[in-house]
Amino acid sequence: MVQSKNSERIFFLCADPDSSDYRNRIEWVKTEAKNEGDAEKLEYNLALLNLLSHCCAGLVLFSEMKVQQMYPIDWLLAALLDSRLPLKIKNPLLSVYFHAILDSEVKLARM
């Protein structure tokens, strides 16, 4: 879904909360304002989260299934409850959670 020449620009703003990737992203988010290139990368990824959540709005089963696979519920909830993440990031994550998980016709086995 994200395999392209720009795929290195795309990363998950939520991941396994026990992973080093998650801790690195938290640190990166804290410093994103210091580097214009990083700020653009963050805005790009926030726009991607918003796009994914809008793709799941309504009864779009295929999109809901793909997003549920990309963003497991436990990763989303951990990111939403993490006090270190700013609202700027939590808002699109909450939108993904609502449209792809809560308001979904498709429920994965672990739900």
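What the table below lists for this structure:
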item	result
Theoretical gain in end-to-end length, LEU77 to LEU102 [0.36 nm per residue, Cα-Cα removed]	7.8 nm
Gain on full stretching of the segment that runs from ASN50 to GLN69 - 0.36 nm per residue minus C-alpha separation	5.2 nm
Probe 1.4 Å - accessible area at GLU43, Å² to nearest ten	90 Å²
Heavy-atom accessible area ranking, 1.4 Å probe, most first, across LYS90, LYS41	LYS41, LYS90
Accessible area, probe 1.4 Å, largest first, for residues SER53, SER83	SER83, SER53
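The values are calculated or read from the model by the stated rules, or taken from the named source; none is laboratory data. Treat the numbers as computed from the prediction; the structure is a model and nothing was measured. To get the accessible areas, we keep the full protein, side chains included, count just its heavy atoms, and leave off ligands, DNA and RNA. Shrake-Rupley method; radii C 1.70, N 1.55, O 1.52, S 1.80 Å.
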